[in-house]
There are 2 protein chains.
Amino acid sequence: MSEIYNFSAGPSVFPKSVLLQAQQELLDWQGSGQSVLEMSHRGNYFPTIAEQLESDLRALMAIPDNYKLLFLQGGASAQFSLIPQNILRGKSSACYVKTGAWSEKAVIDAQNFCDVLVSASSENSGYTTVPEESTWVLDEQAAYLHYTTNETIHGVEFSKIPNAKGLPLVADMSSNILSRVIDVSRYGLIYAGTQKNMGPAGVTVVIVREDLLGYASKTTPPVFDYQEQAKSHSMLNTPATYNWYLVGLVLKWLKAQGGVAAMEQFNNAKAAKLYQAIDQSTLYSNPVDVSYRSRMNVPFILADANLDQVFLKSAETQGLFELRGHRSVGGMRASIYNAMPEAGVKALIDFMIEFERTH
Amino acid sequence: MSEIYNFSAGPSVFPKSVLLQAQQELLDWQGSGQSVLEMSHRGNYFPTIAEQLESDLRALMAIPDNYKLLFLQGGASAQFSLIPQNILRGKSSACYVKTGAWSEKAVIDAQNFCDVLVSASSENSGYTTVPEESTWVLDEQAAYLHYTTNETIHGVEFSKIPNAKGLPLVADMSSNILSRVIDVSRYGLIYAGTQKNMGPAGVTVVIVREDLLGYASKTTPPVFDYQEQAKSHSMLNTPATYNWYLVGLVLKWLKAQGGVAAMEQFNNAKAAKLYQAIDQSTLYSNPVDVSYRSRMNVPFILADANLDQVFLKSAETQGLFELRGHRSVGGMRASIYNAMPEAGVKALIDFMIEFERTH
């Protein structure tokens, strides 16, 4: 098949050069005679891959020394339960900000472990904005303040880091990690599934400040106890070795692109073009408050929903895949993560203009 | 590098043909224009891969219809906690048989959730045998009876399925699943990490009888609630898609070899040859009761431990890798899973004979 562009919300597009390198060394990693798939995590070669992964992520995000990096399994959804299990620290409540489907799920799961104070919610707007920070209600006795930096389904992204007023700030960054420069020292804990901006599904990155370690509840499985895994460099049991390797390749690619700052400019430009095309049309529209539009996931609806199927089918004939919106919001969604080339966004815009002209 | 043989206990050797197929279709899966790495788990292609995976495993193990198959994350070690969290069913105790390092870990983690009755233990023998079944102490009020079918570190394998006297039988089969024909209907639950006999690290297979579903404790993260994942075909959140695909390729290879029955004969023959070589030597010895010697993991010690390093170094020059025994038992260990070809075992035996002759 000729060139296609994959707008999937995750698992999602890889840099082509990463796929080529993975293919080239699949049977023999750097002259070792072994596939990374077959390497013992405690053998001659894999520890080098693991150390490089950690040091590259530390460098790319400028992670301070008093933070531990964990590479776990189970997805960000598992963290919805594992975060309260690990960092309640004897406290009985936690604050959550609701800005879409994912932060909503985080609230539901946390309620099994503590009292959840919903500090702010944009549910009444249909999750099309972020509530004004001055209206947030924080409890200074709470264990932490949780929010979702980018809502993959609703296409809502925070434009700046909120003020947690002394509470440890906890962020689900699954769908925009490494897409813009952030100050890690403002956070108590950052977590992200890797299947959007970092590589394949199957790894969950947790970046946690050291003072939050050591409080896991007794019912936390040891392989999900942050302190235990920090001590073991995330190798308390066999890690998802090949997935780590692939994340490592994506990080190397990211460094070669100029790192996160370069990626931020690139992402801002791609998203601006797509939103401009939407705003200039009469067929397409995006419901999100302009200040909080996601640069990663761009949902849009067609003025005539009867055209949805035709739009999707026609797009596929042009090599534009996975544009269907999430079933809970309908319409379309174009996910344009780091690895989506500018040519993909241009091809989508060209198609949208042509489709509008002919329908 | 020329041909090597990898005796790692896991992650471990892949069938060469599987690596070649993965390499060949890494950038374009069956003309889709997409890498499996980039596929949405809810897109056009991946559901086919997932369905094939489940139906192949059902066929290979002859899994009855009243069992659900789950493909989770976290490794078998996570299940040490998740099994009691899911299937205690309001009961306060569970029975465990201790035959080595892995069943010992399972006991320790279960103790956070219930009273553990150690029904039998071979600890006093240094874990070199399986306690006579007639001596096992079972509690008929217990929720289940847990055992480890093959102890990867100590090289101890059950030769038959124990009689659980009405208790649901729960088995960690991480290191010998698919290596011999078993009657799944004798079990309540079977679990296994995939990184030994099934493919890459990063997937945990759980095969669970339906009547044990629906009892998860409130502190079980939903993505580890067996009932919830059974309803969602293990897609309650994004699964480790590429790992599923690779496990699927290994299962297809297994079918092409003649399935599990053919593999059992092949494994028995490989192990018999290696144990014979050990028993016929004066330099090498294996401490395990002959009736319970593992066909998968063959530990052996050298009469002179000062030769250990020389043995390992010399072996590597002959392309024989990862023969170091686990640090807790010392000596050597050759893991000879399904994918280890007969030529690999022969090369090891030839080397061992030559090494003994010259040292």
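Give just the number: which of (1) part of a loop (DSSP other than H, G, I, E, B); (2) within 10 Å of chain A (Cβ to nearest Cβ); (3) not aromatic (Phe, Trp, Tyr) does residue B:79 not satisfy?
(1)
Here is a list: B:68, B:91. Which entry is more than 11 Å from chain A (Cβ to nearest Cβ), of a type in the set (Lys, Arg), surrounded by fewer than 21 Cβ atoms within 10 Å (Cβ to Cβ) and in contact (Cβ under 8 Å) with a residue 40 or more places away in the chain?
B:91
Is it fair to say residue B:182 is closer than 20 Å to residue B:50 by Cβ and away from chain A (no Cβ under 11 Å)?
Considered against the rule, which asks whether it is closer than 20 Å to residue B:50 by Cβ and away from chain A (no Cβ under 11 Å), residue B:182 comes out as no.
Give the residue that is surrounded by the most Cβ atoms within 10 Å (Cβ to Cβ), with candidates limited to residues of the stretch A:9-35 that are under 25 Å from the mean Cα position of the chain (by Cα) and of a type in the set (A, V, I, L, M, F, W, C).
That would be A:13.
Kindly indicate the residue of the stretch A:88-113 that is under 23 Å from the mean Cα position of the chain (by Cα) and assigned to a strand (DSSP E or B) and also nearest to residue A:215 (Cα to Cα) among those meeting that condition.
Looking at the filtered set, the residue picked out is A:94.
Taking the stretch A:1-60 as the region of interest, how many residues are of a type in the set (Gly, Ala, Ser), over 19 Å from residue B:202 (Cα atoms), touching a residue at least 12 places away in the same chain (Cβ under 8 Å) and outside any loop (DSSP other than H, G, I, E, B)?
2
Looking at residue A:44, is it buried (at least 23 other Cβ atoms within 10 Å of the Cβ) and within 11 Å of chain B (Cβ to nearest Cβ)?
Here the answer is no, as residue A:44 does not meet what is asked.
Keeping to the stretch A:3-30, report how many residues are more than 29 Å from residue A:153 (Cβ to Cβ) and among the acidic types (Asp, Glu).
Going through the stretch A:3-30 one residue at a time, the tally reaches 2.
Looking only at residues in the stretch B:279-301 that are surrounded by fewer than 21 Cβ atoms within 10 Å (Cβ to Cβ) and among the β-branched types (Val, Ile, Thr), which one is nearest to residue B:178 (Cα to Cα)?
Here the answer is B:290.
Residue under question is residue B:264, and the condition is that it be surrounded by fewer than 23 Cβ atoms within 10 Å (Cβ to Cβ), more than 17 Å from residue B:82 (Cβ to Cβ) and either touching a residue at least 24 places away in the same chain (Cβ under 8 Å) or not polar (S, T, N, Q) (or both); does it hold?
Yes: the conditions hold for residue B:264.
Restricting to the stretch B:310-329, count the residues that are within 14 Å of another protein chain (Cβ to nearest Cβ) and either part of a helix (DSSP H, G or I) or buried (at least 17 other Cβ atoms within 10 Å of the Cβ) (or both).
Result for the stretch B:310-329: 12.
On the given criteria, is residue B:164 more than 18 Å from the chain's Cα centre (by Cα), within 14 Å of chain A (Cβ to nearest Cβ) and not in a strand (DSSP E or B)?
Criteria not met by residue B:164.
Looking at the stretch B:219-237 only, could you name the residues that are among the aliphatic types (A, V, I, L, M) and crowded, with 22+ Cβ neighbours inside 10 Å?
Selection gives B:223 alone.
Would the stretch A:200-218 turn up any residue that is buried (at least 20 other Cβ atoms within 10 Å of the Cβ), in the same structural domain as residue A:83 (by TED's automatic domain parsing) and of a type in the set (D, E, K, R)?
No; the residues of the stretch A:200-218 include none that is buried (at least 20 other Cβ atoms within 10 Å of the Cβ), in the same structural domain as residue A:83 (by TED's automatic domain parsing) and of a type in the set (D, E, K, R).
Please work out which one of (1) in contact with a Gly (Cβ under 8 Å, 6 or more places away or on another chain); (2) aliphatic (A, V, I, L, M); (3) within 9 Å of chain B (Cβ to nearest Cβ) is the condition residue A:49 fails and give its number.
(3)
How many residues does the stretch A:114-143 contain that are part of a loop (DSSP other than H, G, I, E, B) and without any contact (Cβ under 8 Å) to a residue 60 or more places away in the chain?
So the count comes out to 13.
Among the residues of the stretch A:171-182, is any in a strand (DSSP E or B), in contact with a His (Cβ under 9 Å, 6 or more places away or on another chain) and not hydrophobic (A, V, I, L, M, F, W, C)?
yes
Out of all the residues in the stretch A:335-344, is one or more within 14 Å of another protein chain (Cβ to nearest Cβ), out of contact with any Asp or Glu (no Cβ under 6 Å at 6 or more places or on another chain), loosely packed, with under 13 Cβ neighbours inside 10 Å and not basic (Lys, Arg)?
No, because not a single residue in the stretch A:335-344 is within 14 Å of another protein chain (Cβ to nearest Cβ), out of contact with any Asp or Glu (no Cβ under 6 Å at 6 or more places or on another chain), loosely packed, with under 13 Cβ neighbours inside 10 Å and not basic (Lys, Arg).
Can you name the number of the only condition in (1) surrounded by fewer than 17 Cβ atoms within 10 Å (Cβ to Cβ); (2) facing another protein chain (nearest Cβ under 7 Å); (3) not small (Gly, Ala, Ser) that residue A:6 fails?
All conditions pass for residue A:6, except number (1).
Is it true that residue A:82 is more than 20 Å from residue A:329 (Cα to Cα) and within 16 Å of the chain's Cα centre (by Cα)?
no
Yes or no: residue B:149 in the same structural domain as residue B:242 (by TED's automatic domain parsing), free of Cβ contacts under 8 Å to residues at least 40 places away in the same chain and within 21 Å of residue B:271 (Cβ to Cβ)?
yes
The values are calculated or read from the model by the stated rules, or taken from the named source; none is laboratory data. This structure is a prediction, so every number in the text was calculated from the model and none was measured. Backbone-built Cβ (ideal geometry, glycine too); neighbour counts: all protein chains shown.
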